[in-house]
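Data block below; observations after.
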Amino acid sequence: MKMLTTQIAGLLQRIATNHEEAIEDTARLLAQAAVGDGRVVMVGMNELNGLVMNAIEGAEPFANVIRYSADLELGSMDRVWLFTRSSGNADALEIGKVLSKQGVAFAVVGSEKSSGQNELSELADVYISTGISKGLLPNDEGDRVVEPHLLASLFVYEAVKLSYDEMLMDL
């Protein structure tokens, strides 16, 4: 338990330290929708769909948010926030390509670092990496276990939400 707590704390600290500016940029990007006639559209791939449920149905809902669907018509004032465990996820990459082609600004939270080989990070207006490339803890067989993608993404979500809510209050 102590090792898990230490590893999780370290992971969250690295995200906060390495992506402070990108967290602010994401909040600013999403606030553009709320200030204009746009909507904040969230999409979570696989287990990260839990973030969308939290944003819509949680104790503290995300202002002006709706769930993404493929048939949703997006306007130039809409902003999309995409969460994916892997930037190589074919569905996430396809959504990113469609958004880019339509000229809809979007932010991404994924595990891989931003690079020229990470096409989704290249397409996104803002990209935040959770930095999870393998499990946090070794097991008895020598494998690494505990990949807290949802936990790390929820941390990013809450950090962005704090800034976003503050920006909206200042209007």
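Peptides 133-141, 38-46, 63-71 ranked from most to least packed give 38-46, 63-71, 133-141, packing being the mean of other C-beta atoms within 10 angstrom over each peptide's residues.
Listed by chain and number, the lysines whose alpha-carbon sits under 25 Å from that of K134, ignoring those within fewer than 8 places in the same chain, are K2, K113. Going through [x] 84, 33, 32; [y] 54, 34, 27; [z] 49, 38, 33, the figure that equals Cα extents along the principal axes in Å as computed for the structure here is [y]. Mind checking the angle between helix 20-35 and the chain's longest principal axis? C-alpha axes, 0 to 90 degrees, to the nearest 10. It works out to around 30 degrees. Rounded to the nearest 10 degrees, the angle from helix 90-102 to the longest Cα principal axis of the chain is 30 degrees.
Working from Cα pairs under 8 Å separated by at least six residues, relative contact order for the range 2-169 is 26 percent.
Think of the chain as having a plus end and a minus end, set by charges on the Cβ of Lys, Arg, Asp and Glu; of A90, L72, Q32, A90 sits farthest toward the positive end of this dipole. Rounded to the nearest 20, the size of the Cβ-charge dipole of the range 1-130 about its Cα centre is 300 debye, with Lys and Arg at +1 and Asp and Glu at -1.
Read the figures in this text as sums done on the coordinates, not as results from a lab. Treat the numbers as computed from the prediction; the structure is a model and nothing was measured. Every residue, glycine as well, gets a Cβ built from its backbone with ideal geometry; the counts of neighbours run over all protein chains shown.
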